[in-house]
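S.K.: Have a look at the structure that comes next, please.
The values are calculated or read from the model by the stated rules, or taken from the named source; none is laboratory data. Note that the coordinates shown come from a computational prediction; the quantities given were computed from them, not determined experimentally. A quick note on method: Cβ atoms are made from the backbone with ideal geometry, for glycine too, and the neighbour counts reach across all protein chains shown. Accessible surface areas use protein heavy atoms only, side chains included; no ligands, DNA or RNA. Shrake-Rupley method; radii C 1.70, N 1.55, O 1.52, S 1.80 Å.
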Amino acid sequence: MINSLTIIGGYDKFGEKEPVRKVKVKKGEIVGVVGPTGSGKSSLIYDIEQLAQGDTFSKRKILVNDKKPSYEYRVNPKKKLVAHLSQHMNFLADMSVEEFLKLHAKCRNVDEKRVDEVIDLANKLTGEPIKKTDKLTILSGGQSRALMVADIALISKSPIVVIDEIENAGIKKHEALNVLTKHGKIIFIVTHDPTLVLNTDKRIVMKNGGMQKIIKTTKEEKNISQKLNEIDELLLDLREKVRLGKKIENVPM
Ligand SMILES: Nc1ncnc2c1ncn2[C@@H]1O[C@H](COP(=O)(O)OP(=O)(O)OP(=O)(O)O)[C@@H](O)[C@H]1O
């Protein structure tokens, strides 16, 4: 059982000690990673994914449950702690949604019956319905991300999820994060989308390859995020109606 992940600070691009020396994240928490281009966001995520032990250029160390993770966690794919969800997900396999999920369930030792649950959950996260028989290769960006979120929540056992830039994702953003935190995951999300970043518990601000400061999300920011999410979901709904050739009427504006 993973209860916490701790990042122990290392060095920035210039070899200076990064100002933030320790970040502890507990089960069910969401942490944003923000900063300009080249500030080191992807490198921080890489350190987390690799469970770095002072062996990357930042010299950061990642602790799991306050301890150095076992070697097995770092090298055995079956014990993988970190799942990665990214904007650039492309399915190469010419398989149906059902075949893919069944195969994944089998690899992860999960009952194949869960496949229907995964598809139902994914359909709650996206406006465009996904069918079992759909080929993976024809799914839209929103559909594939919704499917991956549902898959990570219900099939993949990875307790830590890193999410890379899911702006304009075509999925219900808050609902997707809620689904993951409800299943006790620790989430790191690299994004500048205020709907997402103001819905986190805190955000790490990166500069020159180092963790510069931590901002705890305020109540006001969470309220703003809530409003933005409502607008976002309205847009998603309108887009789907337009797609289906419907007329738009009675929209509360
Ligand atoms: N702590 C560090 N020490 C040395 N080099 C670093 C460090 N952090 C980042 N770098 C280097 O700086 C460059 C930019 O870092 P990175 O790609 O992580 O930034 P980013 O914020 O993700 O950028 P973008 O927004 O453009 O994707 C990379 O070449 C990376 O190797």
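S.K.: To the nearest 10 degrees, how steep is helix 41-50 against the longest Cα principal axis of the chain, on a 0 to 90 scale?
M.R.: Here the helix axis deviates by roughly 80 degrees.
S.K.: Here is a further query. Mind telling me which of 206, 148, 95 comes out most flexible in a GNM of the chain, alpha-carbon contacts under 10 Å?
M.R.: Looking only at 206, 148, 95, the biggest GNM fluctuation is shown by 95.
S.K.: Still on this structure, please answer the following. Based only on Cα atoms, what mean projected area does the convex hull of the chain have, in nm²? Let's see the in-between values first.
M.R.: Values: hull surface 58.7 nm².
Its average projected convex-hull area is 14.7 nm².
S.K.: Could you pull the accessible area for residue 73 with a 1.4 Å probe, rounded to 10 Å²?
M.R.: Number for this one is 80 Å².
S.K.: Please tell me which of these pairs span more than 31 angstrom C-alpha to C-alpha: 79/172; 13/67; 59/135; 131/157?
M.R.: Pairs exceeding 31 Å: 59/135.
S.K.: Taking 29 Å as the cut-off for C-alpha to C-alpha distance, list the pairs among 61/227; 102/173; 41/68; 22/185; 41/106; 27/78 that go past it.
M.R.: Values: 61/227 37 Å; 102/173 26 Å; 41/68 23 Å; 22/185 20 Å; 41/106 34 Å; 27/78 21 Å.
From 61/227; 102/173; 41/68; 22/185; 41/106; 27/78, over 29 Å: 61/227; 41/106.
S.K.: Once the Cα gyration tensor of segment 92-155 is found, what semi-axes does its equivalent ellipsoid get, as square roots of 5 times the eigenvalues, in whole Å, sorted largest first?
M.R.: Value: 17, 13, 9 Å, ordered largest first.
S.K.: Need the list of aspartates and glutamates near residue 24 for cross-linking: C-alpha distance under 14 angstrom, and skip anything on the same chain fewer than eight residues off.
M.R.: 66, 201
S.K.: By the gyration tensor of its Cα atoms, with a ≥ b ≥ c the square roots of the eigenvalues, what is the shape of segment 109-253: rounded for a/c under 1.5, prolate for a/b over b/c, or oblate?
M.R.: oblate
S.K.: I need the calculated FRET efficiency for the pair residue 6 and residue 104, taking r as the beta carbon distance and R₀ as 22 Å, to the nearest 0.05.
M.R.: 0.15
S.K.: Kindly provide the helix-only [θ] at 222 nm of the chain, computed as the sum of -39,500 (n - 2.57) over DSSP H runs of four or more divided by all residues, to the nearest 500 deg cm²/dmol? Walk me through the numbers before you get to the answer.
M.R.: Values: 8 runs with 91 residues, N = 253.
About -11000 deg cm²/dmol.
S.K.: Kindly express, to the nearest 10 degrees and within the range 0 to 90, the angle between helix 97-107's C-alpha long axis and the longest C-alpha principal axis of the chain.
M.R.: Long axis of 97-107 versus the principal axis of the chain: about 40 degrees.
S.K.: So between residue 233 and residue 248, what do we pick up on full extension, going 0.36 nm a residue minus the alpha carbon distance?
M.R.: Contour length minus Cα-Cα distance gives 3.9 nm.
S.K.: Across 5 Å bins from the origin, how do the percents of Cα pairs in segment 1-144 run, short distances first?
M.R.: Cα pair-distance distribution for segment 1-144, in percent: 2, 8, 14, 17, 15, 14, 13, 10, 6, 2, 0.
S.K.: What is the set of long-range amide H partners of residue 32 at a cut-off below 5 Å, with H atoms built 1.01 Å from backbone N?
M.R.: So residue 32 has HN proximity to 189, 201, 202, 203, 204.
S.K.: Return the aspartates and glutamates within reach of residue 207: Cα separation strictly under 15 angstrom, same-chain partners fewer than 8 residues apart disregarded; answer none if there are no such residues.
M.R.: 12, 16, 18
S.K.: Gaussian network model of the chain, Cα springs within a sub-10 Å range: biggest mean-square fluctuation belongs to which of 151, 55, 47?
M.R.: In this elastic network of the chain, the residue with the biggest mean-square fluctuation among 151, 55, 47 is 55.
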